[in-house]
Amino acid sequence: MSPEISPVAEKHEGRAPMDLLRFATAGSVDDGKSTLIGRLLLDSKSIFEDQLESVESTSKSKGYDYTDLALLTDGLRSEREQGITIDVAYRYFATPSRKFIIADTPGHIQYTRNMVTGASTADLGLVLVDARHGLTEQSRRHAVLLSLLRVPHLVLAVNKMDLVDWDEKVYERIHNEFTAFATKLNIPDLEVIPISALQGDNVVNRSENTPWYHGPTLMHHLEHVHVASDRDLQDVRFPVQYVVRPKSDEFHDYRGYAGMVAGGVLKPGDEVVVLPSGMTSTIEAIDLFDREITEAFPPMSVTVRLADDVDVSRGDMIARINNAPKPSQDIDAMVCWMTNEPLKPRQKLAIKHTTRSARALVKDIQYRLDVNSLHRDQDTKELGLNEIGRVQLRTTLPLLCDPYSKNRTTGSFILIDEATGVTVGAGMINSGA
């Protein structure tokens, strides 16, 4: 992703800041996720005419009496044949006030790993329910997963309201049932919106069919939901990804440390510590690709120059002297397992945390979490495909981590099969780590 520019810098340059919202969609089969995304793309004028003509032609060839907007996102042949979402489909669009990245995640339980992948970096989760069927087991499971992944904003879109004659009582029943369920979860911000993805009601434009609804349209909410304060701006975390040494005549003595800011605000003159060595220095300057800037914050990608010639390499982390993460080799985390071969104690895997890589040993599996009932099965001794459980790991190198509840970047990691190089698990570090 290209570096983001400080709102302060943009203001000085006379440009209005345009921020980015990442959101993930979820829902049961045929709730209309792909259709809704197609509607957002169409009504925000984010698709080309030839794309629309292709979708209209395909819809007619299938005998539909409407344009199947789901064809804009269901890219796999198997998805189009079955009319379902299997893989995570990413779509990008923008309005005058904000840029968006959509992760269209599958609803089937056997694709839980795909939903975890798509929602792990989301600022907002969008759960669809069919107004005819109300909340289902899958709807609750998706809400639990979004809560577990600490997605700070949640929208429940009550879709297909046109098929229940825009009955306010149906909307209120689903609204009240889901609100009561959400009180058991960690969902700090919830919005419930009645829509028709196929017809476009309350998606981009307000519908005349819902005079009883006084909340925002979906697009208005997506454009105005405040996400800047969701990021950790207190605890400086800068994982070093690359050491920049041009060694050219123009930049003969240049030494910078490139990476993406994972937390806090970096400014020239700040006293910092380099971990795990513990060497201290001061930030001399912060560079974007074409100029120096006066501050850097998540998720900007920048190059930091230090006043002292200290030893810094990939995998190290720059933090504040009095507010640094504690290196730890004993990791306590919730892990989503993503492969057919089960995860078992004493198993050895590679682990990647921010820019740091190590090897890990599975010390213990404490319990498996039933994401439908939140029951903890403490008798289990392994995790199967798409299962989530609490796992104890021992790493060969200390990780510079925070609890996932505090920082979703420094609090997460992936597990890799050393033989194949395939990612087999994703972890969220617990507060007790």
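The values are calculated or read from the model by the stated rules, or taken from the named source; none is laboratory data. Keep in mind that this is a model prediction, so the values were computed, not measured. Quick note on the areas: whole protein, heavy atoms, side chains included, nothing else; ligands and nucleic acids left out. Shrake-Rupley method; radii C 1.70, N 1.55, O 1.52, S 1.80 Å.
Quick look at the values:
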item: Mean Cα-pair separation over length for the stretch 377-433, i.e. relative contact order, pairs under 8 Å, 6 or more apart, %; result: 26
item: Cross-link pairs beyond the 26 Å C-alpha cut-off, checked among LYS381/LYS406; LYS33/LYS381; LYS267/LYS326; LYS326/LYS381; LYS33/LYS352; result: LYS381/LYS406; LYS33/LYS381; LYS326/LYS381; LYS33/LYS352
item: Taking the stretch 233-275 and dividing mean pair separation by its residue count, relative contact order in percent (alpha carbons under 8 Å, at least six apart); result: 45
item: Solvent accessible area, Å² - LEU266, 1.4 Å probe, full protein context; result: 0
item: Carbon and sulfur %, accessible surface of the stretch 121-189 computed with the full protein complex present, 1.4 Å; result: 47
item: Accessible area of the stretch 293-433 divided out per residue, in Å², using a probe of 1.4 angstrom; result: 45
item: LYS363 accessible area, 1.4 Å probe, all protein chains in place, Å² to nearest 10; result: 100
item: The stretch 333-395 versus the stretch 121-172: alpha-carbon centroid distance in Å; result: 28
item: Accessible heavy-atom area order of SER248, SER207, highest first, probe of 1.4 Å; result: SER248, SER207
item: Solvent exposure, largest accessible area first (probe 1.4 Å, DNA, RNA and ligands not counted), of LYS33, LYS169; result: LYS169, LYS33
item: Accessible surface, the stretch 140-231, averaged per residue in Å² (probe 1.4 Å); result: 44
item: Exposure rank, largest accessible area first [ASP189, ASP402; 1.4 Å]; result: ASP189, ASP402
item: Nearest-10 value in Å² for the accessible area of GLU341, using the 1.4 Å probe; result: 140
item: Cα gyration tensor shape for the stretch 339-414, rounded if a/c is under 1.5, else prolate or oblate; result: oblate
item: Share of alpha-carbon pairs per 10 Å distance bin for the stretch 313-366, given as whole %; result: 17, 46, 25, 10, 1
